[in-house]
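Chemist: Following this message is one structure expressed as structure tokens.
Readers should treat all values here as calculations from the given coordinates under stated rules, not as data from a laboratory. What you are looking at is a predicted structure, and each value in this text was computed from that prediction instead of being measured. As a convention, Cβ positions derive from the backbone with ideal geometry for all residues, glycine included, and neighbour counts pool all protein chains shown.
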Amino acid sequence: MGGTVQTDIDPRNLIGRKAFDRKGTKIGTVDEVYLDDATGIPEWAAVRTGLFSRDAFVPLEPSEFVDDVLRIPFDRALIKDAPDFGVGRHLSPEQELQLYRHYGLDSPPDEPGPDRDFGSLAGQDE
């Protein structure tokens, strides 16, 4: 898992770049980049898919920015199904958690808070 974190990604360089899935299928164009509150490292990108002119949120880690395009190591179908929170707004921790789950990623280990157990008890007593 040679996951070197590309902390040298300049978010401004990503905006307007093409994004491709793991098969090399074009998904769309990077619309916005979301930084981690704590570290300031780019964490998520919103990709304007053009399909329903909705944005798909994609994780910048483990994606790679190569030859001026963003390569996202997931299938287009999964990316298209990602939760859409609308662009221009801040991602809440709950929204981020939803995205991590959607992509089957581990949420950041430094995230404090009660939902480290993924809120398995939420709604059990309804």
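Chemist: Would you please give the FRET efficiency between SER92 and ARG12, computed as 1/(1 + (r/R0)^6) with r the Cβ-Cβ distance and R0 = 25 Å, to the nearest 0.05?
Modeler: 0.55
Chemist: Quote the convex hull volume per residue of the range 33-113, based on C-alpha atoms, as a whole number of Å³. Walk me through the numbers on the way to the answer.
Modeler: On the way: hull volume 8.4 nm³, N = 81.
It is 104 Å³ per residue.
Chemist: Return the long-range amide H neighbours of TYR34 (sequence gap of 5 or more, or a different chain), with a cut-off of under 5 Å between placed amide H atoms.
Modeler: Under 5 Å from the amide H of TYR34 lie the amide H atoms of GLU43, TRP44, ALA45, ALA46, each far enough along the sequence or on another chain.
Chemist: So between ASP67 and LEU35, what do we pick up on full extension, going 0.36 nm a residue minus the alpha carbon distance? All intermediate terms of the calculation are to be shown ahead of the outcome.
Modeler: Numbers: separation 32, 0.36 × 32 = 11.52 nm, distance 2.18 nm.
Contour length minus Cα-Cα distance gives 9.3 nm.
Chemist: Another question about this same structure. Between SER107 and ARG54, what length comes free when the chain is fully extended (0.36 nm per residue of separation minus the Cα-Cα distance, one decimal in nm)?
Modeler: That works out to 16.6 nm of additional length.
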